[in-house]
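Scroll down for the structure; my scribbles are underneath it.
The values are calculated or read from the model by the stated rules, or taken from the named source; none is laboratory data. Quick caveat, the model's predicted, so the values are computed rather than measured. All Cβ positions, even for glycine, are placed from backbone atoms using ideal geometry, and neighbour counts span all protein chains on display.
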Amino acid sequence: MAFRHTRRKFIQTTSLGAAGLALGGIVQSAGRAYGYVPRDEINPNISNLRVVFVHDHAMTTVSGPVSGWSNQNVATNDAVVAANMDKMACALAQRADIAEAWQTIFMKPPAKQWSEVVVAIKTNNIADQHTRNAVMEKMCEVLVNHVGVVGTNIHIYDATHGGNMMTTTPWYGLPPGVQIERTWGGHNTWVSLPLPYGASSQCVASIATGMVDILINIALCKGHNWGFGNFTMCLKNHYGTFTPSCDPGVGGNPTDYLLSINKSEAILGPMDPGSGRIITARQQLCFIDALWGSQGGPNGEPTDQPNRFFMGTFGPVVDYQVATKFRRDTRGWSINESVVARFLSEFGYAPSDIPDNEAMIDAMTWSPSRTRANPRWSRYE
């Protein structure tokens, strides 16, 4: 599929040489740290504000929390998971055809062929809850069979907690050649971060140097510290891309650090040095696996079985929607309202910007005809 950012293609051809990229990537040792320009779209065909979900008890074969990665995989209905992820792609891209939907979500840099594109999948490997095998298998299968990525160019990692990944999550059924990188060398490359943190920090080299073209964020739905919103989902998941140790001596705090790494070029992609706008989006999909989850965490076994998935192109909005609509309103779990509000305000949005009274789209009931017939759906365009 061709890259569709006409404006960004123009910016790239006229100003990329002035971007000060290192090793073909975005390492910055001095000067301005580029950060997200409010409301800049990740995908020209999908609104940043569009978040889709599925809620389907048929995705699991048991009722109630199941502990242990292997036991959860046995209790997961892989075929239903795969079919529901396809439904989510169609609802997110608002396309009836499954292949076309996934091809709308994923965009290659204009100078590359799909066989050359490098994809990184950030998984969450801390403690006892991890991405279920059916989810990882389907995501990799989509990349190879629907998009055209070569298996050897897909890398699964968690730079903070991935050291024992081959033991805790020995993925199976993946397309041939997919690389389970474990920590992928850890956080070993310094990059500058934008405000509100505004200081340098260490990142995975393959991300920091721009070797990775597409970044997929597969998060879980667990509790965490109050400064992160009282949970860990998409934004906090990148504490396994960047070092989790922020320096309060530079004037920041964990919330500022969380926001800054998710505003960075490393996560969002190289940015034009004049405008700061994204040239080629790197993080193109954010997915929350909530087959099982918990109010507390990040340690400990799941306490809940939501039987849900959530998905969007823009991590801050995905986290805001899931935090407020699911964790707070559906489950009654406490969230840090002031932190969660910044997930929108720091990126140029307000709750009133989200269509249909901030509703997420139910992929189980979405259809192209519904989009055409009901103007409220078209507001996501």
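Miscellaneous remarks
- Taking the numbered list (1) touching a His at 6+ places or on another chain (Cβ under 9 Å); (2) acidic (Asp, Glu); (3) modelled with pLDDT under 95 in turn, Asp128 passes all entries but (1).
- Looking only at segment 197-209, and only at residues there that are buried (at least 22 other Cβ atoms within 10 Å of the Cβ) and not hydrophobic (A, V, I, L, M, F, W, C), the one that is nearest to Glu346 (Cα to Cα): Tyr197
- Condition met for Ala99 (touching a Ser or Thr at 6+ places or on another chain (Cβ under 6 Å), of a type in the set (Gly, Ala, Ser) and modelled with pLDDT of 95 or more): no
- Odd one out for Tyr320 among (1) touching a Phe, Trp or Tyr at 6+ places or on another chain (Cβ under 8 Å); (2) hydroxyl-bearing (Ser, Thr, Tyr); (3) within 26 Å of Thr183 (Cβ to Cβ): (3)
- Strands (runs of 3 or more DSSP E) contained in segment 197-291 and holding at least 2 residues within 14 Å of Gly315 (Cα to Cα) and hydrophobic (A, V, I, L, M, F, W, C): 214-220, 283-290
- Selection status of Ala101, crowded, with 17+ Cβ neighbours inside 10 Å, out of contact with any strand residue (DSSP E or B) (no Cβ under 7 Å at 6 or more places or on another chain) and without any contact (Cβ under 8 Å) to a residue 24 or more places away in the chain: yes
- Restricting segment 108-148 to residues that are farther than 18 Å from Met85 by Cα and aliphatic (A, V, I, L, M), the residue that is surrounded by the fewest Cβ atoms within 10 Å (Cβ to Cβ): Ala111
- Failed item, numbered, when Thr371 is tested on (1) modelled with pLDDT of 95 or more; (2) more than 20 Å from the chain's Cα centre (by Cα); (3) surrounded by 18 or more Cβ atoms within 10 Å (Cβ to Cβ); (4) farther than 26 Å from Thr60 by Cβ: (1)
- Every pair of residues 6+ apart whose Cβ atoms lie under 7 Å, when the first sits in segment 47-63 and is outside any loop (DSSP other than H, G, I, E, B) while the second is of a type in the set (Asp, Glu): Phe53/Asp362
- All positions within segment 141-160 that are in contact with a strand residue (DSSP E or B) (Cβ under 8 Å, 6 or more places away or on another chain), of a type outside the set (Ser, Thr, Tyr) and over 17 Å from Trp69 (Cβ atoms): Leu143, Val144, Val149, Asn153, Ile154, His155, Ala159
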